[in-house]
There are 4 protein chains.
Amino acid sequence: MNNYSSQRPYRGIIPPLVTPLSGADDLDEAGLGHLINHLCEGGVHGLFILGTTGEAPSLSYRLRRKMVELSCIFTKKRLPVLVGITDTAFVESVELAHHAAECGADAVVVAPPYYLPPGQPELLEYLNDLIAELPLPCMLYNMPPLTKVEIGTAVVEQLLNNKGIVGLKDSSGDMSYFHHIENLAHASSNWSVLMGPELLMMDSVLSGGDGGVTGGANLFPRFFSAAWSAADNGDLPAVHNMQETMIQLQQLYSVGKHASAGIKGIKCALDILGISSARMAEPFRAFNEPEKQAVASLLDELRENPLLAADFDAVKSRD
Amino acid sequence: MNNYSSQRPYRGIIPPLVTPLSGADDLDEAGLGHLINHLCEGGVHGLFILGTTGEAPSLSYRLRRKMVELSCIFTKKRLPVLVGITDTAFVESVELAHHAAECGADAVVVAPPYYLPPGQPELLEYLNDLIAELPLPCMLYNMPPLTKVEIGTAVVEQLLNNKGIVGLKDSSGDMSYFHHIENLAHASSNWSVLMGPELLMMDSVLSGGDGGVTGGANLFPRFFSAAWSAADNGDLPAVHNMQETMIQLQQLYSVGKHASAGIKGIKCALDILGISSARMAEPFRAFNEPEKQAVASLLDELRENPLLAADFDAVKSRD
Amino acid sequence: MNNYSSQRPYRGIIPPLVTPLSGADDLDEAGLGHLINHLCEGGVHGLFILGTTGEAPSLSYRLRRKMVELSCIFTKKRLPVLVGITDTAFVESVELAHHAAECGADAVVVAPPYYLPPGQPELLEYLNDLIAELPLPCMLYNMPPLTKVEIGTAVVEQLLNNKGIVGLKDSSGDMSYFHHIENLAHASSNWSVLMGPELLMMDSVLSGGDGGVTGGANLFPRFFSAAWSAADNGDLPAVHNMQETMIQLQQLYSVGKHASAGIKGIKCALDILGISSARMAEPFRAFNEPEKQAVASLLDELRENPLLAADFDAVKSRD
Amino acid sequence: MNNYSSQRPYRGIIPPLVTPLSGADDLDEAGLGHLINHLCEGGVHGLFILGTTGEAPSLSYRLRRKMVELSCIFTKKRLPVLVGITDTAFVESVELAHHAAECGADAVVVAPPYYLPPGQPELLEYLNDLIAELPLPCMLYNMPPLTKVEIGTAVVEQLLNNKGIVGLKDSSGDMSYFHHIENLAHASSNWSVLMGPELLMMDSVLSGGDGGVTGGANLFPRFFSAAWSAADNGDLPAVHNMQETMIQLQQLYSVGKHASAGIKGIKCALDILGISSARMAEPFRAFNEPEKQAVASLLDELRENPLLAADFDAVKSRD
């Protein structure tokens, strides 16, 4: 798409892994192993653990550290591992980053602290201070619906020279913002610019973005990787075809009602597919039987979709 | 105000203490001691540590635990100590509550988890689950601007029978909500219902509320306690008189620009008064010289206000 | 409550009248006559037509003018008539104000234009420009949830010397804002400061406010007038007693689901009481049978409340 | 892009015309004529008058009718004319639609009523009722930041069979919503689906959308038409190239500070280019000298951009 794109550190699909749980404060370790194999074999380009989809803020610090250790072990360097260290407490972010480095992770991901929102100048100072103490490269994470503050374009502009930063993941859903960031980042840095919302992933790549951190790739890594390739190759007919499947997948995320509906839908489907547990961390709960039936029915419909066949076949053959 | 009000556990002014800091991850222990003495001698009715004003989410877990220990030691049972245990991670809230119990604290305070917001049914389950594991009585904390979710009246109605709860502190600024809660709580429980925003404290007490968790009481404990008494006694001329001072105090909270302006103003004034350090935890910074001069000027104006004389005199005599 | 309160132009209860309709673009003239008599005989202190509760923006200009004419005729100078002239188009506001003056109305009420929101300096200029062209005294109307912009305290401060203004009605629900305005207005002007939300009316009057523009007074003018008097006299036990009834009345406003639920509830109850039509203007609809039954049941419960007996008796005797 | 796209009624660039003013309630008729010629000669595909950019809600009804008459006269059937009839009052929308039909306009455009927001079922009934009374085909207009309500996908689904509707213009900025609508509309109707925000126009067309209602096309009709063609032809290198200019143009819209900054910037630039007056309707004001200088400087920079040369040349030659 761009002559210099090959110099950017992260390109392609980097799924935000769910955190499989077997108890209130226990990992479903077998499930995590299955999930990581499912993704590594599914052709994605990296793994992002302990993000929003990974329910990181809901996990105890002990469990977060365990999740980092096991993810690095199970991945066996097949793919880069990016670790979310977003926290309201500076010190906790730094410590988790050091733990990630010791475990062999490749990068960390940081959204603004999410309780009392900093102003833009405060955010700039915070990010510079934090990144100075990190032992790994840092990906910024823009998520204003949950952090109450945008990493504004003026702040991004001043961070472009910060050598500790390797890119920005935008989950705002605001495609105008993304265009501004993409324009800034690719004009004067080698940042990777990644898209969060699935329906915008191919748009973003067509317009010069580097890839997606798309929750649905937990389930369908081959489909999402193929969709990224189609967009990265500028194959518009394939993009149009695949976008219909992207829209079809959205139904999985709206079986539930509240803000956690998307994560619940993905975890429930992973459970039905025999990959990992549906259990959620407090304050959320796995779907009850009626919602579980609804997810199962949707999966049955999706099984008819030829674009998802490779993913369903891979799951079946693993049995 | 009400025949049964004497049975309610918390009445009066319970300042939300700032957390005095001497370094990025260090308490200003001397300052904390001064502050606690200033408040105990100032006639307030309880101490609330590790709330929003206490910058709790910005502090490392180690520092939060230290803050609980020292606050209990310095208070020497002169007043009840309430400890904020709000967290996005269930397990961390429970552990901090146990630590608070071991240190001799009297109650804990819980707002909803503040990253991905739970729906109302999820919030109800979460609160019941959490409170079942707490070793101390629990005060609910309604803070929708920062948690993105209100503890709705329907949820409150279903929590009225939960014996682990001793009341609700409302910082929403929505006086209609407060009236609904006050009506529910006092009809069928002995909950204390406390007000956060200072300008609404006397209104709330006139209408049957139990008191205030008012940031300005860090600075002027005698004034706030007297204001509470005036309202609790239904002394309307005194209330009107004191409300003008309440409005005058607001200027201290708007010297800065961002969401943290109120805390910065209080910490800066405490520093000028020789009580405790102005230092803020990341992602915030203490005021620079111009803002500090503005706070000093405001304090000079406030010194002329006879309603604040007792507080200023007490500070001076402590020197 | 205040030595100078007698100099303020509007004190007491000024109900925001619903607009009774008999067709998509027709007034229920008989109903309007009944309603105005019901209110004049019910002891309220003024009538406010063409506000939010009056569905003014939903009415054609022809119908708004007709509503002004008939309201003035039916009122027969028994009470002051205030006319809402809020509009997105400056010229239309001015023309409606002149029409109101010709019909014998006493004042106009103006909220900020409500499509593309002006900034604060733009709002200040707009209000000064508009008021300069008005033939009647003007009451400001703060309604940020619907206009997207607050009449900020800095703007109010600069308007205090504008001789065309007689007060401000605050429907923000933000009691801290109200205190700031009340403090500004009564320190340096004779503005009347009125409260919109019913649950805050008595709080506001206890703290020095002048009265309420309370939708429920369409139904229960005697009760609301008595509640205002209790607060204006500082009779706290009566205030507490009446506040419980205020909370009970809220159920009428939550039978429906959307933003129009309050108006629908009032219009439906007025219909059941035989006063005026339940019909709503587009884009809203009168309640269907199930909601109508719910309102009827609530009215039956309210009939048991002795504080509402005088209002129910007056309606019955009118039959 | 799509075999059936040729059956859709509106494709391409349909600028939302500013309303040139010469006084508080007077059209700059000469300016309007220049503007319409500028656009007709600039290769756009339709004209949309009385939208948000046209300040419609700020104009008196008399002026809106005049604007419709003159626009139809000046256009001389060179292009289809779409007329915004959005209003809070149903009757006024219908009357303006009839006026538009009499003047020879081709379609009307309707956003939800924008004061008290309807719920989704209310909105559906409202739109069906309104469209039944319209003498011209109707384009829906989704603009939640200003109307407070989205035309939700479930409502759109139920409107697909309404023969009075020819499409939907989406100004939400929410590209996920756009994808849902585009998918619904093109699967079962011949609706045109148009994009409002400029930075998203080419994305939307690449993904199957029909065109843009882009404010900047008032200034640069040739550039916007060429950008639309590049996207409609799937010419990705050209799209990337043009997107940089789109981003450069954004500076024009952020010289001012408030919500009206975009319209002010366009009107100011049109004035500098000698096309039409900079005057704004209340509650807004044309830029003062410093902002005007800033716009002039930006225009000087844009003059260096070869992609805009055709537009600048056309303006110069018109002198």
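The values are calculated or read from the model by the stated rules, or taken from the named source; none is laboratory data. None of these values were measured; they are calculated from a predicted model. Here Cβ is always computed from backbone atoms with ideal geometry, including for glycine, and neighbour counts include all displayed protein chains.
Residues in the stretch A:149-189 that are on the phi > 0 side of the Ramachandran plot and either free of Cβ contacts under 8 Å to residues at least 60 places away in the same chain or in a helix (DSSP H, G or I) (or both): 1 in all. Does the stretch D:91-100 contain at least one residue that is more than 8 Å from chain C (Cβ to nearest Cβ), surrounded by fewer than 22 Cβ atoms within 10 Å (Cβ to Cβ) and at positive phi? Taking every residue of the stretch D:91-100 in turn, none turns out to be more than 8 Å from chain C (Cβ to nearest Cβ), surrounded by fewer than 22 Cβ atoms within 10 Å (Cβ to Cβ) and at positive phi.
Here is a list of conditions, (1) at the interface with another protein chain (Cβ under 10 Å from one of its Cβ atoms); (2) surrounded by fewer than 23 Cβ atoms within 10 Å (Cβ to Cβ), and B:MET175 meets all of them except one; can you say which number that is? Just one mismatch for B:MET175, condition (2). Among the numbered conditions (1) within 20 Å of B:LEU50 (Cα to Cα); (2) surrounded by 17 or more Cβ atoms within 10 Å (Cβ to Cβ), the only one that B:PRO135 does not meet is (2). In the stretch B:12-27, the qualifying residues are those that are part of a loop (DSSP other than H, G, I, E, B) and crowded, with 21+ Cβ neighbours inside 10 Å, and the one that is farthest from the other protein chains (Cβ to nearest Cβ) is B:ILE14.
Of all residues in the stretch B:145-161, which are under 10 Å from B:LEU123 (Cα atoms) and in contact with a helix residue (DSSP H, G or I) (Cβ under 6 Å, 6 or more places away or on another chain)? Matches in the stretch B:145-161: B:GLU150, B:GLY152, B:VAL155. Just one of the listed residues (D:ILE73, D:ILE85) is over 18 Å from the mean Cα position of the chain (by Cα) and more than 10 Å from chain C (Cβ to nearest Cβ), and it is D:ILE73. Which of the residues spanning the stretch C:101-135 are more than 8 Å from every other protein chain (Cβ to nearest Cβ), over 19 Å from the mean Cα position of the chain (by Cα) and touching a residue at least 40 places away in the same chain (Cβ under 8 Å)? Passing the criteria: only C:LEU134. Checked against (1) within 30 Å of D:ALA314 (Cα to Cα); (2) in contact with a Ser or Thr (Cβ under 6 Å, 6 or more places away or on another chain), D:ASP25 meets all criteria but (1).
Just a yes or no: is a residue in the stretch D:159-168 out of contact with any Lys or Arg (no Cβ under 8 Å at 6 or more places or on another chain) and under 30 Å from D:HIS240 (Cβ atoms)? The answer is yes, given that some residue of the stretch D:159-168 is out of contact with any Lys or Arg (no Cβ under 8 Å at 6 or more places or on another chain) and under 30 Å from D:HIS240 (Cβ atoms). Checked against (1) more than 9 Å from every other protein chain (Cβ to nearest Cβ); (2) over 22 Å from A:PRO197 (Cβ atoms), D:THR147 passes all but condition (1).
Would you pick out the residues in the stretch C:21-66 that are in contact (Cβ under 8 Å) with a residue 60 or more places away in the chain and closer than 11 Å to C:ALA281 by Cβ? Within the stretch C:21-66, C:LEU21, C:GLY23, C:ALA24, C:GLU55, C:SER58, C:LEU59 meet the criteria. Confirm whether D:SER225 is at pLDDT 95 or above and in contact with a Pro (Cβ under 9 Å, 6 or more places away or on another chain). No, not satisfied.
In summary, A:ARG78 fulfils each of the numbered conditions (1) surrounded by 24 or more Cβ atoms within 10 Å (Cβ to Cβ); (2) away from chain B (no Cβ under 14 Å) with the single exception of condition (1). Restricting attention to the stretch A:47-69, the residues that are surrounded by fewer than 24 Cβ atoms within 10 Å (Cβ to Cβ) and more than 20 Å from B:ASP87 (Cβ to Cβ) total 1. Scan the stretch A:207-226 for residues that are of a type outside the set (S, T, N, Q) and without any contact (Cβ under 8 Å) to a residue 40 or more places away in the chain and the total you get is 1.
Just one of the numbered conditions (1) buried (at least 19 other Cβ atoms within 10 Å of the Cβ); (2) away from every other protein chain (no Cβ under 11 Å) is not true of B:ASN162: (1).
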